[in-house]
Amino acid sequence: MKPLRSLSGLIDFDCAARWGSFKLAARELHKTPAAVSLQVKQLEEAIGFPLFVRHPRHIALTAKGQELAIVVARMLADLRGKVAALQRGDEEAVLRISTTHSFAIKWLVPRMSRFTKLHPELDLRIDSNDTPVDIEDDAVDVAIRYGPVKDGDPALLFRERLVPVYSPDLLADGQDALTLADLKRFPLLCERTPEGWLQLLNENRALKGDYDFARMYSHWGVLAQAAVAGQGIGLVPYGIAFEDIRAGTLLQLACKSAPFGYGYRLLVNPHKEAMTKVQHFRAWIVAEMESMSRTINA
């Protein structure tokens, strides 16, 4: 077997494998189809087995070609990502975090000063959006995403519970706290539907009675802010309300919280998992989540 003397053959092979065509690969690489075909042929001679079955009008990967294509595509993606990071000059100094709007505003941003005190050498870039994230994108180091969770998921940070919260402004003169009976006196703020409230009322054996479910919101963070503003009693995930509860801008109703099949997961770019900045952030957020979980009233 001849040794591989050039990466150009692998690049041409990757392109041809993606397109399933020497002609289309040639367009991407700004070469002639014959030049691409020759590079692939020389690669096949070097490794000792065919990568494509050549038909009159198209090409098809062989079984071994399919296996090699997966490895080469991953290798070239890593190489391009590393080159781009080195060109930016920020591979070790910048930590890119992707998360959802509500989590960024109500949980992450209020406490990031604690992380920066531990690691002042890192420049943080927080991108908040509610769309799915490509965790292998070079522009993302770690992502915190909210969604359905399963037991035993190694990425799980915190399993949520729904808690009723309200502004101290709702307390009457001389009143220390609201009780379950007060739920009938105020609008009950919901995220899209009253289903969570019905579950909480059932947990606390308080389903009987007339309740006002008229106010609904599209995001947990907006709902929490409505509760802070005294617009009613909000039912929100504990993580979203936690900072406001700790600051005293929200009070938690003394009752059982409602179980919730959602939670937060930490996703790490597999190409950056071993990096020191990622390890620092993982250790920090796990510790923060564990600390918060010890305060929840189940």
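The values are calculated or read from the model by the stated rules, or taken from the named source; none is laboratory data. Quick caveat: nothing in here was measured; it's all calculated off a predicted structure. Don't worry about glycine lacking a Cβ; one is built from the backbone with ideal geometry, like all the others, and counts go over all protein chains shown. Note: areas computed on protein heavy atoms with side chains; ligands, DNA, RNA excluded. Shrake-Rupley method; radii C 1.70, N 1.55, O 1.52, S 1.80 Å.
One table, with the values for the structure above:
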item: Meets criteria (open to solvent by less than 60 Å² (accessible area, probe 1.4 Å), of a type in the set (Ser, Thr, Tyr), in contact (Cβ under 8 Å) with a residue 40 or more places away in the chain and under 18 Å from VAL286 (Cα atoms)) for THR99; result: yes
item: Test: residue in region 61-79 that is buried (at least 17 other Cβ atoms within 10 Å of the Cβ) and part of a loop (DSSP other than H, G, I, E, B); result: no
item: Qualifying residue in region 8-16 (condition: out of contact with any strand residue (DSSP E or B) (no Cβ under 8 Å at 6 or more places or on another chain), assigned to a helix (DSSP H, G or I), polar (S, T, N, Q) and open to solvent by 60 Å² or more (accessible area, probe 1.4 Å)); result: no
item: Which listed residue, of VAL165, VAL140, is touching an Asp or Glu at 6+ places or on another chain (Cβ under 9 Å), part of a loop (DSSP other than H, G, I, E, B) and open to solvent by less than 50 Å² (accessible area, probe 1.4 Å); result: VAL140
item: Region 84-143, residues that are small (Gly, Ala, Ser) and more than 29 Å from TYR217 (Cβ to Cβ); result: ALA84, ALA85, GLY89, ALA93, ALA139
item: From ALA287, ALA254, ALA258, residue being without any contact (Cβ under 8 Å) to a residue 40 or more places away in the chain and either of a type outside the set (D, E, K, R) or surrounded by 18 or more Cβ atoms within 10 Å (Cβ to Cβ) (or both); result: ALA287
item: Contacts under 6 angstrom Cβ, first residue in region 267-280 being farther than 12 Å from ALA143 by Cβ, partner of a type in the set (A, V, I, L, M) and open to solvent by 10 Å² or more (accessible area, probe 1.4 Å), 6 or more apart; result: LYS277/LEU122
item: Region 182-239: number of residues that are outside any helix (DSSP H, G or I), without any contact (Cβ under 8 Å) to a residue 60 or more places away in the chain and not hydroxyl-bearing (Ser, Thr, Tyr); result: 21
